[in-house]
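Asker: Right, I'll just put the structure down here and ask away after.
Since every read-out is calculated from the coordinates, none of them should be taken as a lab result. The structure presented is a predicted model; accordingly, all values stated were derived computationally and were not measured. Note that each Cβ is placed from the backbone with ideal geometry, even for glycine, and that neighbours are counted across all protein chains shown.
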Amino acid sequence: MISMYTLILGIALLVIGFYAMLTRKNLIKIVIGFSIADTGTHIIIVSLGYLRGKTAPIIDGAVNAVNAVQEVVDPIPSALVLTAIVIGLAVTAVMLSFIVEMYKKNKSLSIDDYQELKW
């Protein structure tokens, strides 16, 4: 059973992040919006993999290897989220490094000051 509160929280963070990315003119605020949307996506994936009454997928004394399939949650969503966190961190670092270089060139963080980059 999906925990509705965490699913709603994830969707809310996703919407807030997209709103920030699409409506803000400051490059730093756009990156912050991306990070918020990224966190919302992680929460949604983890909440979809959650099963009430189940335990972590670690086979030890608490979980019998024979009954592990019935007693543990699926480890795939957790592994995907861990991978997505690392990739999101790398993407955020690259975006911030581009912003630093753009600021050094034009001394502005407003997206409107970069007309030469538009089509």
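Asker: Among the residues of region 87-119, which ones are part of a helix (DSSP H, G or I), of a type in the set (Ser, Thr, Tyr) and surrounded by 12 or more Cβ atoms within 10 Å (Cβ to Cβ)? Give the steps one after another, and end with the answer.
Answerer: Taking region 87-119 and keeping what is part of a helix (DSSP H, G or I), we get 87-106, 111-113, 115-117.
Subset that is of a type in the set (Ser, Thr, Tyr): 92, 97, 103.
Of everything in region 87-119, those that are part of a helix (DSSP H, G or I), of a type in the set (Ser, Thr, Tyr) and surrounded by 12 or more Cβ atoms within 10 Å (Cβ to Cβ) turn out to be Thr92, Tyr103.
Asker: Across region 54-86, what is the total count of residues that are more than 26 Å from Ile11 (Cα to Cα), part of a loop (DSSP other than H, G, I, E, B) and β-branched (Val, Ile, Thr)?
Answerer: 4
Asker: Condition (residue is of a type in the set (S, T, N, Q) and surrounded by fewer than 11 Cβ atoms within 10 Å (Cβ to Cβ)) applied to region 24-35: is it met by at least one residue? Full working, then the answer.
Answerer: In the first step, residues of region 24-35 are kept if they are of a type in the set (S, T, N, Q); the result is 26, 35.
From the residues that got through so far, the ones that are surrounded by fewer than 11 Cβ atoms within 10 Å (Cβ to Cβ) too are none.
No, region 24-35 contains no residue that is of a type in the set (S, T, N, Q) and surrounded by fewer than 11 Cβ atoms within 10 Å (Cβ to Cβ).
Asker: Filtering region 7-53 down to residues that are without any contact (Cβ under 8 Å) to a residue 12 or more places away in the chain and assigned to a helix (DSSP H, G or I), which residue is nearest to Ile99 (Cα to Cα)?
Answerer: Checked region 7-53; the qualifying residue nearest to Ile99 (Cα to Cα) is Lys29.
Asker: Residues of region 67-90 being more than 18 Å from Lys54 (Cβ to Cβ) and without any contact (Cβ under 8 Å) to a residue 40 or more places away in the chain, which ones?
Answerer: Within region 67-90, the subset more than 18 Å from Lys54 (Cβ to Cβ) is 82-90.
Result: Leu82, Thr83, Val86, Ile87, Leu89, Ala90.
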